[in-house]
1. State all residues of the stretch 102-132 that are under 22 Å from Asp36 (Cβ atoms), open to solvent by less than 30 Å² (accessible area, probe 1.4 Å) and among the hydrophobic types (A, V, I, L, M, F, W, C); if no residue qualifies, say none.
2. Within the stretch 281-304, is there a residue that is in a strand (DSSP E or B) and either surrounded by 15 or more Cβ atoms within 10 Å (Cβ to Cβ) or out of contact with any Gly (no Cβ under 6 Å at 6 or more places or on another chain) (or both)?
3. Residues in the stretch 204-219 that are assigned to a strand (DSSP E or B) and either surrounded by fewer than 16 Cβ atoms within 10 Å (Cβ to Cβ) or of a type in the set (D, E, K, R) (or both): how many?
4. So how many residues does the stretch 110-140 have that are of a type outside the set (Ser, Thr, Tyr), within 22 Å of Leu100 (Cβ to Cβ) and touching a residue at least 40 places away in the same chain (Cβ under 8 Å)?
5. Which members of the stretch 220-258 meet the condition of being of a type in the set (A, V, I, L, M), in contact (Cβ under 8 Å) with a residue 60 or more places away in the chain and part of a strand (DSSP E or B)?
6. Any residue in the stretch 151-172 that's more than 19 Å from Ala220 (Cα to Cα): show its pairings with residues that are of a type in the set (Lys, Arg) and in a strand (DSSP E or B) at Cβ separation under 8 Å, as long as the two are six or more apart or on different chains.
7. Mind listing just one residue for me: the one in the stretch 31-55 that is of a type outside the set (Asp, Glu) and within 29 Å of the chain's Cα centre (by Cα) and, of those, modelled with the lowest pLDDT?
8. Identify the residue in the stretch 227-258 that is under 16 Å from the mean Cα position of the chain (by Cα) and of a type in the set (D, E, K, R) and, among all such residues, is surrounded by the fewest Cβ atoms within 10 Å (Cβ to Cβ).
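The values are calculated or read from the model by the stated rules, or taken from the named source; none is laboratory data. The structure displayed is predicted, hence computed values, not measured ones. Counting neighbours? That spans all protein chains shown, and the Cβs are built from the backbone with ideal geometry, glycine included. Areas reflect the complete protein model, heavy atoms only, side chains present, ligands, DNA and RNA absent. Shrake-Rupley method; radii C 1.70, N 1.55, O 1.52, S 1.80 Å.
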Amino acid sequence: MAMAVPQKRARFPVLVALPVLAALMCLYCLEVAADDVVALTPDTFEQEVGKERAALVEFYAPWCGHCKKLAPEYEKVGSTFKKSKPVLIAKVDCDDHKSLCSKYGVSGFPTIKWFPKGSLKPKDYSGARTAEALLEYVNSEAGTRAKSHVAPSDVIVLTPTNFDEIALDKTKHVLVEFYAPWCGHCKNLAPVYEQLATTYKAEKDVIIAKLDADAHKDLAQRYDIGGYPTLKFFLKSNKDGVQYEGGHALDDFVAFINEKAGTHRNSDGGLTADAGIITSLSTVVEEFFAAKAEERHIILAKVEEQVSELEGSSLGYGRMYVKVLKSVIDKGEEYPRKEYDRLQRILSGAVHPSKLDEFTIKRNVLSSFVKQQ
């Protein structure tokens, strides 16, 4: 659940006092220092910088909005060079170490400086504040060929430009995390949230997204966000946003989305055994197998009529039922068992992700017929 911020939820004008608010919120949402970015102090600066390796150093202030926006990008660079001895990725808190920042002429935040190997005379970095741009700069200065090993994210990043288009799309169910880059609870949630996005990656009607509410305060105010992280689920049928109050374990999120969106996912991203099953057709299938051969066409017509009234993914599942019934009439009653066994053998091996859902649903539908034999 989101940690409550000590303020009245409707009084967002206090956000103008950014340094004060940041300090208050950090009492509840402790920042977790990134191990891959080395925090320097006046005592450690010259031990780490200007020696046997080059260094990229960010001079920042904890309350600085631009610094908060840079933080996740800078951490990616730190992660990339974690095991690279020739390069140090570091940072200095200028609120705590004003004399050190003054020594290097820092007058605004964030300021990024490059210290060549063996030198305490830096160059100012003036490029883009993205992991890609910073990585390209470091490789150019240090002569390295490092490549980011941070996997592409399946979480959709929302901004004021695309928020309405994505979150309020009535053809999609969208879970949105409203977060702040400096929030410790948000950082703890991040890997789980990434897993969740991967779990539903193949689900066309479900989107897992996030919004930097600290950078986009108007949207935070619009949805009455009073603490971080806050999660809201924008269903196809309810674009006001349903507050998520459950646990932050992957299984908790999966159970919630399956219930609200009518999906059938396991936490590993696979489909559950009931995916594709249409309960209302079970009685008709039972009736079909109990009927005489000459009566089965009449029952098939009844099923086709029921299926024609279905919508969305259920329509596709219903058509599978019709196809199986037709195959039983044409190929005999052993068809469902033979086809089920064949798909079981395929699924027990290596299946391309693009075919995994299709084969699993077909097998599940066939299981309904096998049970009736």
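1. Ile112, Trp114, Phe115, Ala131
2. Within the stretch 281-304, not a single residue is in a strand (DSSP E or B) and either surrounded by 15 or more Cβ atoms within 10 Å (Cβ to Cβ) or out of contact with any Gly (no Cβ under 6 Å at 6 or more places or on another chain) (or both).
3. Final tally of qualifying residues: 2.
4. Residues that pass the stated criteria total 13.
5. Leu231, Leu235, listed by residue number.
6. Lys170/Lys239
7. So, considering only residues that are of a type outside the set (Asp, Glu) and within 29 Å of the chain's Cα centre (by Cα), the one modelled with the lowest pLDDT is Val32.
8. Taking the candidates together, the pick is Asp251.
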